[in-house]
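The values are calculated or read from the model by the stated rules, or taken from the named source; none is laboratory data. Since this is a predicted model, take the numbers as computed values, not measurements. So basically every Cβ, Gly included, is an ideal-geometry build from the backbone, and we count neighbours across all protein chains shown. Calculation scope for accessible area: heavy atoms of the full protein, side chains included, ligands and nucleic acids excluded. Shrake-Rupley method; radii C 1.70, N 1.55, O 1.52, S 1.80 Å.
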Amino acid sequence: MKTIGLVMIVKNEGRSLQKCLARAKNLVDEIYITDTGSTDQTIEIAEKFHAHISHFKWSGDFAAARNYALAQSPCDWNLILDADEYLISGKRKDIQRFVEKGGHAGAIQRQDSYRETNGEISKSHSYITRLIPRGASYEGRVHEQVISSLPIAPLPLIFEHDGYLQDGKGERNLEILLQELEETPEDPYVLYQVSRTLWLMKDFERADRYFEEFYGLTPKTGTGYRTGGVISYIYNLLELKKYEKGFEIIELEKGRLAPYADYHFACGTFYTQAIFSDVQRYVNYLPLIEQSYMRCLEIGEVPEHEGVLGNGSFKAAYNLGVWYEVNGDSKKALNYYRMAQARGYQPAKERIKAVLKA
């Protein structure tokens, strides 16, 4: 039977490491942790789980640290995790079946929590290659990528991730990414990561330049990150009130991104805010708001699209409820609010009370 190791790089992860290891320990045979300079209780927590601990001097290169950590494990396969990722679904037998079958590297499904500009915490799906055979390695200083000849297949493992809610990591990643961009100024993937990092940091003005370069240089097909990058670009233009540019991007992408609920949700949001900014100028987009959110519900939730949880269900339903409420159709408004409430979306409950009271 093939052996499985858990391989991690850590630094000052006292906040999250206990939770991460407690949930992941039964997935693997051994735990290998490489510390890059912790000054908190990280090492003590790792020792409680009988981890094999090594040390690596941090050099601003995540791939170098990952590869050193991988070299510590003699296991046939290695599961790579960060300390702020916590197992919520999946068992050892799922991994064992996958590795015994062979032929693929494995991608976990990760649910990323992040804070929107209005303060609301949302979740998005992502698939990340994290189960790799001995001998595979990483490249890239930050948001590093696996180097392996094996094709990638999804694993039946789901993790939640709260790292985007923590302060400081965006600034750290941005510094490394900008160094990498100096060396490869026309690398579309690095441009994507820089623009997305700035967008998540809500530095919309700085992000705009990098989004524009990313959009011009990224191939139209064959890159898994392009869809999310373009949708983020639309939202960034919305924050900057660059409505004409946003409408241009929406029009250019309507064929390529038609299958994605997140694209239609972005369109509905963009049309709404543009109309609020200048009703007379943008009134012709009014019918497209309803159409956009309806299309979201038609597509539904597709985790493989790596979008925001709710854009194909409760968030789209809630926004349709708002649309019908504003337009005086209380019956339809209640119908969609109740659809959103059924998925546990709390704001819908408040709107139902308000409509019934009115």
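Confirm whether R115 is among the basic types (K, R), within 15 Å of the chain's Cα centre (by Cα) and at pLDDT below 95. Yes. Against the test of being at pLDDT 95 or above and either within 20 Å of the chain's Cα centre (by Cα) or buried (at least 21 other Cβ atoms within 10 Å of the Cβ) (or both), the options F247, F204 yield a single qualifying residue, F204.
Being touching a Lys or Arg at 6+ places or on another chain (Cβ under 9 Å), under 14 Å from L131 (Cα atoms) and not basic (K, R) holds for only one residue in I80, I88, and it is I80. Residues that are in contact (Cβ under 8 Å) with a residue 40 or more places away in the chain, open to solvent by 20 Å² or more (accessible area, probe 1.4 Å), assigned to a helix (DSSP H, G or I) and more than 23 Å from V142 (Cβ to Cβ) within segment 14-73 comprise K19, R23, N26, listed in sequence order.
If G312 meets every condition in (1) under 30 Å from Y189 (Cβ atoms); (2) at pLDDT below 95 apart from one, which number is that one? Answer for G312: the failing condition is (2).
Of all residues in segment 148-174, those satisfying the criterion of being surrounded by 14 or more Cβ atoms within 10 Å (Cβ to Cβ) and among the hydrophobic types (A, V, I, L, M, F, W, C) are L150, I152, A153, L155, L157, I158, F159, L174. Out of E304, E350, one residue alone is among the acidic types (D, E), without any contact (Cβ under 8 Å) to a residue 24 or more places away in the chain and part of a helix (DSSP H, G or I). It is E350.
Comparison of G328, G307, G312, G268 shows that the only residue that is crowded, with 16+ Cβ neighbours inside 10 Å and more than 30 Å from P156 (Cα to Cα) is G268.
For segment 87-99, a residue qualifies if it is surrounded by fewer than 19 Cβ atoms within 10 Å (Cβ to Cβ), outside any loop (DSSP other than H, G, I, E, B) and within 24 Å of the chain's Cα centre (by Cα), and the qualifying residues are I88, S89, D94.
Of a type in the set (D, E, K, R) and open to solvent by less than 30 Å² (accessible area, probe 1.4 Å): does that describe D82?
Details: of a type in the set (D, E, K, R): yes; open to solvent by less than 30 Å² (accessible area, probe 1.4 Å): no.
Here the answer is no, as D82 does not meet what is asked.
Checking the stated criteria, A317 turns out to be surrounded by 17 or more Cβ atoms within 10 Å (Cβ to Cβ), under 30 Å from Y127 (Cβ atoms) and out of contact with any Pro (no Cβ under 6 Å at 6 or more places or on another chain).
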